[in-house]
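One structure is given below, encoded as C-alpha cells.
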Amino acid sequence: MSDIYHPSGGYRKLHAFNFATIIHLGTISFCKRYLSWKDDPLGKMLGQMIGASRSGKQNIVEGSERAKTSSETEIKLIDVAKASLSELQGDLEDYLVQKGQIPWSIRHPDHRAVLAIMLDEFSYTEDLLHDYWTFLLKQKKKFDPWLEDQDDVVAANALIILIQRATGLLGRQLKRLESDFIQDGGFKEKMYLARTKARTDPESPACPDCGGPMRQRSSTRGPFWGCARYPECKGLRPIEPTGEKTK
C-alpha cells in the first residue's frame, strides 16, 4: 500500500453507483416513453432529467478515480452526485403532481416491494466490462416490472424509490469520507509525512499521539524526541540519559 496515494477506483462494487446506473437507464427509458417533444419543444425537461441522472452516475466515477490524489475533490464530486439525483427526484415529483398524482406512501405495497429488492455483489474479473454490464443489466431486470411498466405513475414512483436508496447510500459514504479525512488527512499531508519519514532516523520511536515518526530535538533541558509533524502534532518522548533511543 502506498504511503502517499489514497485508494481509488473500485466504484463498480458500490451499490450507490449501481443504483445510479439503473436510475440513469431507467430515466432514459422514462423520458423516451412519457416526455413528448411536442409538449417540451425546447427539450429542457427531458434534457435536464437525463442530464441529472447522468451526473449522478458519472460524478461517482470521477470522484472514485480522483480519490487517489484529492480527498477534497472526491468529497465534492460525491456530494454533486447526491445533489444531481435529488434534483431528478424533484422533477419526478413535479411530473406526478402535474398528472394529479402524489408519490406513493411508504406503506404502499409496491413501495415496499421495490424497497425490499437487494442488489447482488459485483466482483472484478479479467473480462471487466463484459462481466460488469452482464451483472448490471441482471440487477436492473429485478426492477423492470416497475421501471418499464406501461403506467408512467408506476415508473416515476419506482425511480423515486431508487433515488432515495442511492442518495441514502451516498450520504453514508460522505460521512465515511469525512471521518477518513479527519483521521488520515489529505494527499498533501501524506506527502509531507512520507518525506519526513524518509528523512527521519529509522530507529526513532512512534509518536504517542498520532503514531507518526519522530525526530530528535534539543532544548535547554537536553535532547528529546518530538513528533515530525510538529506544530500540527505536539507529541513528545524522553530520550534516556544514556543516549539510548526509546522504543
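The values are calculated or read from the model by the stated rules, or taken from the named source; none is laboratory data. Note that the structure is a prediction, hence the values are computed from the model and not measured. Cβ placement follows ideal geometry from the backbone for every residue including glycine, while neighbour counts extend to all protein chains displayed.
Values for this structure:
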read-out	value
Condition check for Thr73: closer than 24 Å to Trp146 by Cα, out of contact with any strand residue (DSSP E or B) (no Cβ under 6 Å at 6 or more places or on another chain), polar (S, T, N, Q) and outside any loop (DSSP other than H, G, I, E, B)	no
Every pair of residues 6+ apart whose Cβ atoms lie under 9 Å, when the first sits in region 11-34 and is charged (D, E, K, R) while the second is in a loop (DSSP other than H, G, I, E, B) and crowded, with 17+ Cβ neighbours inside 10 Å	Arg12/Phe122; Lys13/Phe122
Test: residue in region 178-190 that is in contact with a helix residue (DSSP H, G or I) (Cβ under 6 Å, 6 or more places away or on another chain), modelled with pLDDT under 95 and assigned to a helix (DSSP H, G or I)	yes
Selected residue [at pLDDT 95 or above and among the basic types (Lys, Arg)] from Lys175, Lys138	Lys138
Hits in region 108-128 (condition: outside any helix (DSSP H, G or I) and closer than 18 Å to Ala166 by Cβ)	Ile117, Met118, Leu119, Asp120, Glu121, Phe122
Residue match in region 66-76 (condition: surrounded by 16 or more Cβ atoms within 10 Å (Cβ to Cβ), among the hydrophobic types (A, V, I, L, M, F, W, C) and either within 20 Å of Val153 (Cβ to Cβ) or at pLDDT 95 or above (or both))	no
Residue among Asp149, Asp91, Asp131 that alone is among the charged types (D, E, K, R), free of Cβ contacts under 8 Å to residues at least 12 places away in the same chain and not in a loop (DSSP other than H, G, I, E, B)	Asp131
